[in-house]
Amino acid sequence: MNRSFRSLLVTGLALLLLAAGCAAKPAGAPQVARNERAAMPAAAPTQAPAATAAPAMPAEIGSAAASSNLPDEAQRKIILTASLQLVVQETDKTVDRIRSLVSADGGYVVSANIWRDGETIRGNLQVRVPADKIDPFLADVKKLAVRVEREETGGQDVTEEYVDLQARLTNLQAAEKELRELMTSVRQKGGKAEDIMAVYNELVNVRGQIEQIQGRMQYIDRLSAMATVNLDLSEQMAAPIGQPGWQPGQTVRQALNALVQTGKFGVDVLIWVAFYLVPLLIVPVAVIVGVWLLARRRRLRRKLGGS
C-alpha cells in the first residue's frame, strides 16, 4: 500500500470516527426498513452540504448547536391528539356525517367500528385531519351530538428531537460525501480490492443511518401535519311514551311474594322462640315460680297457724 493511499485511508477512518456519534438511534424511533443495496449507492443526496475539505462536525456538537436554536412556534413539530365521547340521536347517520366532515377538511378515516349494544347502536372512530383544522373540526362534530360526555385534547412536542435528527442527518451526509470522494480516489489510484470494499462497507453503513433518520423525520412530519381524533359514540335512550298501565298480574305476584315473606318471618320467629328463647328463659322462670310457690306456701301456713 503506497504512502498516498495510506494517507487517504487514514483521513477516511478519522472522518468515520468523527461521525460515529451519528450512529446512535433516537430514543423511541421506530424501525425504518433499509433499501436493498445490490450495487454501490448512488450519488450523494441533493440536500447534502457544499463540498468542504474540513471533516464533518460530530453529531453531539451539531445536535447541541441545533437544539440551542429551536424553531419558532409556527415551525414547531407538535403531534396533536383529541378524544370525544358523544351521545347522539342515531349512531349510523352521525357516523356518515362525520365521514363527510373529515373528507371536507382533507382528512381520512383510520378505523371505524359500529356495533349493537342491547337496544342501542354504538360506534368508535379514529380519524386524522389537518392539524390546523382540528379546532373547527371538533366544533362541527360536537354540533352533531345531543351532549358531550367527555372531551380531551393534548399534544406531544417533538421539535427538539426533529432538530437533533436534522443535525445528525447533516453530519452523516457530509460523511457520506467524504467517503464517496475517498472511494473515487482509491479507485483512481488502483487500490486493492479489500481496501475498496472496506470503504464501500463504511459507505453502506452511513447510507443506512441516513435512510433511518430520514424515515423517522418523515414519520414525525406526517404525525405533526395530521391531528389524530378518537370518537366514541352512543345513542340516547328513547324515553317511554306515557306511564305503564295497570298490571294486575304483577300486583298479584307482589302480594304473594309479600305473603310468603311474612310467613317465612313468622316461622323464623317461632323457631327462635322454641329453640332459643324458651331454653334460655326456662331456668330463671323456674326459679321465679319456685320462689313464688314457696312464699305462697309460707303465707298459707301463717294463716292456718293464726286461725
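If I go through the range 149-174 residue by residue, how many of them are of a type outside the set (K, R) and within 21 Å of the chain's Cα centre (by Cα)?
As a first pass, look at the range 149-174 and keep what is of a type outside the set (K, R): 149, 151-167, 169-174.
The next check asks that each one be within 21 Å of the chain's Cα centre (by Cα); those that pass are 149, 151-159, 161.
Result for the range 149-174: 11.
Kindly check whether there is at least one residue in the range 233-254 that is among the charged types (D, E, K, R), closer than 30 Å to R76 by Cβ and at pLDDT 85 or above. Show your work before the answer.
First, pick out the residues of the range 233-254 that are among the charged types (D, E, K, R): 235, 253.
This time we only want the ones that are closer than 30 Å to R76 by Cβ, so: none.
So far as the range 233-254 goes, no, none of its residues is among the charged types (D, E, K, R), closer than 30 Å to R76 by Cβ and at pLDDT 85 or above.
I need a count of the residues in the range 127-152 that are crowded, with 21+ Cβ neighbours inside 10 Å and in contact with an Asp or Glu (Cβ under 7 Å, 6 or more places away or on another chain).
Residues in the range 127-152 being crowded, with 21+ Cβ neighbours inside 10 Å and in contact with an Asp or Glu (Cβ under 7 Å, 6 or more places away or on another chain): 2 in total.
Would the range 198-207 turn up any residue that is within 30 Å of I79 (Cα to Cα) and not β-branched (V, I, T)? Write out each step before concluding.
Going through the range 198-207, the residues within 30 Å of I79 (Cα to Cα) turn out to be 206-207.
Going one step further and asking which of them are not β-branched (V, I, T), we end up with 207.
Within the range 198-207 (the criterion being within 30 Å of I79 (Cα to Cα) and not β-branched (V, I, T)), the answer is yes, since at least one residue qualifies.
Quick check on my filter: what residues within the range 155-191 are under 24 Å from M226 (Cα atoms), of a type in the set (S, T, N, Q) and either in contact with a Cys (Cβ under 9 Å, 6 or more places away or on another chain) or modelled with pLDDT of 90 or more (or both)?
Scanning the range 155-191 gives a single hit, Q166.
Would you mind finding the one in Q126, Q75, Q85 that is of a type in the set (S, T, N, Q) and more than 24 Å from the chain's Cα centre (by Cα)? First the steps, then the outcome.
Details: Q126 fails: more than 24 Å from the chain's Cα centre (by Cα); Q85 fails: more than 24 Å from the chain's Cα centre (by Cα).
Criteria check complete, one pass: Q75.
What is the residue count in the range 153-177 for residues that are polar (S, T, N, Q) and farther than 29 Å from S83 by Cβ? I'd like the intermediate steps shown before the answer.
So the first thing to find is which residues in the range 153-177 are polar (S, T, N, Q), and the list is 153, 156, 159, 166, 170-171, 173.
Okay, now just the ones that are also farther than 29 Å from S83 by Cβ, so 166, 170-171, 173.
Going through the range 153-177 one residue at a time, the tally reaches 4.
Can you tell me which residue in the range 103-126 is surrounded by the fewest Cβ atoms within 10 Å (Cβ to Cβ), limited to those that are more than 16 Å from A145 (Cα to Cα) and of a type in the set (A, V, I, L, M, F, W, C)?
Taking the range 103-126 as the starting set, the residues that turn out to be more than 16 Å from A145 (Cα to Cα) are 103-119, 126.
Among the residues that remain, those that are also of a type in the set (A, V, I, L, M, F, W, C) are: 104, 109-110, 112, 114-115.
Numbers: A104: 12, V109: 14, V110: 14, A112: 14, I114: 13, W115: 9.
My answer is W115.
Give me a count of the residues in the range 153-186 that are in contact with a helix residue (DSSP H, G or I) (Cβ under 6 Å, 6 or more places away or on another chain), crowded, with 20+ Cβ neighbours inside 10 Å and among the small types (G, A, S).
Looking only at that region, the number is 2.
Out of (1) in a helix (DSSP H, G or I); (2) crowded, with 19+ Cβ neighbours inside 10 Å, what's the single condition that is false for V229?
It is condition (1) that V229 fails.
The values are calculated or read from the model by the stated rules, or taken from the named source; none is laboratory data. Every value quoted in this text rests on a predicted model; they were computed, and no experiment measured them. Glycine gets a Cβ as well: all are built from the backbone with ideal geometry, and neighbour counts include every protein chain shown.
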